Amino acid sequence: MKRLIAIAVFLVAVAGIADDDSPLVKAAKASGGPKKKTTKKVITNADLTKPSNTAAATTTAPAPKATASKTPAAAPKGSIAAHDKLLHDRAAAQTRIDLAQAKVNDLGKELDRVEQAYYAENDPNYRDKTIAERFEQTKKQLETARKELADATDALEKLK
């Protein structure tokens, strides 16, 4: 009788354990069990080199014809090449502005230095001949540099 009770307790314990699945087991059962193997064919390089007579191969669209000119200007409006060209043009214009601004700043400092040298010189002949000529020359260079800076700024504005 003790054996029968022990077997009954054992069976109840085993039945209780079998019904109590962990969350991971429940999730695995809910996902539908093991995955079925796909019947799709893997395309390899060997498949690409040999000609195929399938209907799918004959229904593909023909490749677009290449244009005679491959310059970025002939590229479609929204193409990557056009955006790349615009980006490079903007970078070149910004570099041109930076160089022109540096030149204007340097010539402004040089003009101030020449002006201070004019007032510091005691020899009126040297001051009126040499320093005045250098001052006028530097002033013309500064005007030219400012004009170049304005042109570079306008070029950058056109690109934006």
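Only the coordinates and a few stated rules stand behind these numbers; no lab work does. Nothing here was measured: the structure is a model prediction, and the numbers come from that model. All Cβ positions, glycine included, derive from the backbone under ideal geometry; neighbour counts span all protein chains shown.
For LYS147, a cut-off of 17 angstrom between C-alpha atoms picks up these aspartates and glutamates, skipping any fewer than 8 places away in its own chain: ASP98, ASP106, GLU136, GLU157.
Relative to the Cα centre, the charge distribution of the range 79-159, modelled as +1 at Lys and Arg Cβ and -1 at Asp and Glu Cβ, gives a dipole magnitude of about 160 debye. Ordering GLN141, SER79, LEU159 by Cα displacement along the dipole of the range 79-159 toward the positive end leaves SER79 in first place; charges were set at the Cβ atoms of Lys, Arg (+1) and Asp, Glu (-1). Could you run the Debye sum over the Cα atoms of the range 94-160, one equal point scatterer each and no solvent, and tell me log10 of I(q)/I(0) at q = 0.12, 0.15, 0.21, 0.25 Å⁻¹, two decimals? Log-scaled intensity ratios, in q order: -0.40, -0.54, -0.79, -0.96.
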